[in-house]
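The values are calculated or read from the model by the stated rules, or taken from the named source; none is laboratory data. The structure displayed is predicted, hence computed values, not measured ones. Cβ: placed from backbone, ideal geometry, glycine included. Neighbour counts: every protein chain shown.
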């Protein structure tokens, strides 16, 4: 979408999008669970704003693992789905090769490949998983 944008512009845009989420998490945290969510929100924001490698997402393990056990209801389900999505570090080319290996008919393979192109144009599975984790965390804070 922003293929011609500079790195600085992308960083500023990411900061503008993520800063209100982090601020909300800290302003409305009232207890250990909400504080753990605020910590996770901060770490996710850092990884989303600063261009980083996928290997740095291991830093999220400390708040992610306890929250997988502590969150329940819809926030817990969305959180778990986000964590699962964060584990798919496949690039578009790798995902395309995987689809070809599944042995779908030619038309099915083309539909899947085009769907993957659209999906990866908007973001990677790691990005969508991180966004889902943030949404679930804010939902949990808001519902308490």
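With respect to the conditions (1) within 29 Å of residue 10 (Cβ to Cβ); (2) not in a helix (DSSP H, G or I), residue 104 lacks only one, and its number is (1). Just one residue in the set 105, 66 is over 20 Å from residue 125 (Cβ atoms) and surrounded by 12 or more Cβ atoms within 10 Å (Cβ to Cβ); that residue is 66. Among the criteria (1) within 30 Å of residue 30 (Cα to Cα); (2) at pLDDT 90 or above; (3) loosely packed, with under 14 Cβ neighbours inside 10 Å, the one residue 144 does not fulfil is (2). The set of residues in the range 118-130 that are part of a helix (DSSP H, G or I) and out of contact with any helix residue (DSSP H, G or I) (no Cβ under 7 Å at 6 or more places or on another chain) comprises 118, 119, 121, 122, 127.
Considering only residues of the range 49-59 that are at pLDDT below 90 and not in a loop (DSSP other than H, G, I, E, B), which is surrounded by the most Cβ atoms within 10 Å (Cβ to Cβ)? Working first, answer last.
Initially, the range 49-59 is screened for residues at pLDDT below 90, giving 50-59.
If we keep only those that are not in a loop (DSSP other than H, G, I, E, B) as well, we get 54-59.
Values: 54: 12, 55: 8, 56: 12, 57: 19, 58: 9, 59: 14.
Among those that are at pLDDT below 90 and not in a loop (DSSP other than H, G, I, E, B), it is 57.
Looking at the range 108-135, which of its residues are over 30 Å from residue 39 (Cα atoms) and surrounded by 15 or more Cβ atoms within 10 Å (Cβ to Cβ)?
Applying the first criterion (over 30 Å from residue 39 (Cα atoms)) to the range 108-135 yields 108-118.
109, 112, 113, 116, listed by residue number.
If I filter the range 90-101 for residues that are closer than 25 Å to residue 142 by Cβ, part of a helix (DSSP H, G or I) and free of Cβ contacts under 8 Å to residues at least 12 places away in the same chain, do I get at least one hit? So that I can check it myself, show each step before the final result.
Filtering the range 90-101 down to residues closer than 25 Å to residue 142 by Cβ leaves none.
No, every residue in the range 90-101 fails to be closer than 25 Å to residue 142 by Cβ, part of a helix (DSSP H, G or I) and free of Cβ contacts under 8 Å to residues at least 12 places away in the same chain.
Output the residues belonging to the range 8-37 that are touching a residue at least 24 places away in the same chain (Cβ under 8 Å), surrounded by 13 or more Cβ atoms within 10 Å (Cβ to Cβ) and within 24 Å of residue 69 (Cα to Cα). Within the range 8-37, 21, 24, 25, 28, 29, 33, 34, 36, 37 qualify.
Which residue, of 43, 113, 85, is at pLDDT 90 or above, over 24 Å from residue 17 (Cβ atoms) and in a helix (DSSP H, G or I)?
Numbers: 43 fails: over 24 Å from residue 17 (Cβ atoms); 85 fails: over 24 Å from residue 17 (Cβ atoms).
Going through 43, 113, 85 in turn, just one is at pLDDT 90 or above, over 24 Å from residue 17 (Cβ atoms) and in a helix (DSSP H, G or I): 113.
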